[in-house]
Amino acid sequence: MKHVIYLDNNATTPTAPEAINAMIPFMRWQFGNPSSYHIMGRLAATAVEQAREQVAGLLGCGPGEIVFTSGGTEADNAAICSALSADSERQGVVTSSVEHPAVIQTLNRFCPGNLAHRVGVDEYGHLDVSALDALLRRRSDIALLSVMAANNETGVLFQVEELAELAHEHGVLFHTDAVQAVGKIPFAVASTKIGLLSISSHKLHGPKGLGALYVSRRTRFHSMLVGGSQENRRRAGTENVAGIVGFGVAAEMARAALAQEQTDVANMRHQFEEAIFNAIPCVQINGDRNGRLPNTTNLRFSGVDGDRLLVELDAAGLCCSAGSACASGNSKPSHVLMAMGLSAEDAKRSLRFSFSRYNTPEEVQAAAEIVSHSINMLRRSARTAC
Ligand code: PLP
């Protein structure tokens, strides 16, 4: 494979070698089922419990509040299904207009259309909290408020602790899809009113197909998957032991490196943005530049079609993304950018670049040069200055 520069870490991250090494024994000789009584089962169960403590350590909660899932998508599905199972009088759900499809489509499937409420965002990607407050005052049938902790496309952060307080005042359960935020910014959920929180292993250098749902000890939880009594009867099915072990190691590493990585990754993003701003005109940042994840930038390049740019960048060995990975190959403009008031054309002129601890300043410099060169070329061929 030719050398690539990987700036698509919000789609997925490279798996940490330490996580891979920790997983290997559980794919080879320590293959026991954690539910088995014998020594092989007990070894596997011990490893799962250690990983549960590592993931809990990253979130600042008790290990008993972690339910392992097959990823962020399942965690979101489980959170919403649980909330809708609690009280037949409360079947409404409120979300933001910029959620990930894992939340949007779950609501489309399980929540009647007239009971699914979307609260809008402003041009910076911030939630309209007064509209949310008014809605919660007006309706007594809301089971759940679900707002993401950080947007996957723009990196814009949501004040989830305050939103959880607001939900609590209205007697409404609060869930946050924190898939993009955990491992990139600190969390201490125990001291908040967050009832449910989704996380995903492959966004923080763990293996794919693993995630967790934090279920606060105060939250009444109704299992979506039924069968065996795994995960303390909260998620049936034999655990992916090797994956869980890798997830645990990745979570532990993210916790230990968090403060340093926030700075290092933000510095690389700054270097990238500055290099591009200095090299080419008519580039804008989509979203609040001061209230973003440290690793994400979403840039709008006037006069250039994002899909064509993506193809050029791919040919030059630079990986980045137009909108969320789940939507790639589908050239519809991003619902997130449109919700922020961008026209369909401007949304399609935008690309997301997302960094991680495995990027280097040299790569970032090279990436900025590739982007600037490709933009100049596309603008020249389209005969537009901007
Ligand atoms: N939620 C958000 C905000 C995401 O960015 C993603 C993945 O891109 C998901 C949920 C889904 O997570 P997973 O890929 O682990 O199912």
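Report whether or not G246 is surrounded by 16 or more Cβ atoms within 10 Å (Cβ to Cβ), assigned by TED's automatic domain parsing to the domain that holds V121 and not β-branched (V, I, T). So G246 fits the description; yes. Each residue in region 190-211 was checked for being surrounded by 24 or more Cβ atoms within 10 Å (Cβ to Cβ) and either over 22 Å from S356 (Cβ atoms) or within 12 Å of the ligand (Cβ to nearest atom) (or both), and 13 of them qualify. Against the conditions (1) in contact with an Asp or Glu (Cβ under 7 Å, 6 or more places away or on another chain); (2) closer than 30 Å to E18 by Cα, N298 satisfies every one except (2).
Filtered by the rule that a residue be farther than 12 Å from T95 by Cα and surrounded by 14 or more Cβ atoms within 10 Å (Cβ to Cβ), region 112-130 gives Y124, G125, H126. For the structure I just gave you, tell me whether E345 is of a type in the set (D, E), away from the ligand (no atom under 16 Å from the Cβ), touching a helix residue (DSSP H, G or I) at 6+ places or on another chain (Cβ under 7 Å) and farther than 25 Å from A266 by Cβ. So E345 fails the test. The residue that is most open to solvent (accessible area, probe 1.4 Å), among those in region 212-241 that are within 15 Å of the ligand (Cβ to nearest atom) and out of contact with any Lys or Arg (no Cβ under 9 Å at 6 or more places or on another chain), is N240.
Filtered by the rule that a residue be acidic (D, E), within 16 Å of the ligand (Cβ to nearest atom) and out of contact with any His (no Cβ under 7 Å at 6 or more places or on another chain), region 151-189 gives a lone residue, E153.
Test R269 against the criterion of being in a helix (DSSP H, G or I) and closer than 24 Å to L258 by Cβ, and give yes or no. The answer is yes for R269. Residues that are open to solvent by less than 10 Å² (accessible area, probe 1.4 Å) and in a loop (DSSP other than H, G, I, E, B) within region 154-175 comprise T154, G155, listed in sequence order.
The values are calculated or read from the model by the stated rules, or taken from the named source; none is laboratory data. What you are looking at is a predicted structure, and each value in this text was computed from that prediction instead of being measured. In this analysis, Cβ positions are derived from the backbone assuming ideal geometry, glycine residues included, and neighbour counts consider all displayed protein chains. Just the protein is used for accessible areas: all its heavy atoms, side chains included, with ligands, DNA and RNA removed. Shrake-Rupley method; radii C 1.70, N 1.55, O 1.52, S 1.80 Å.
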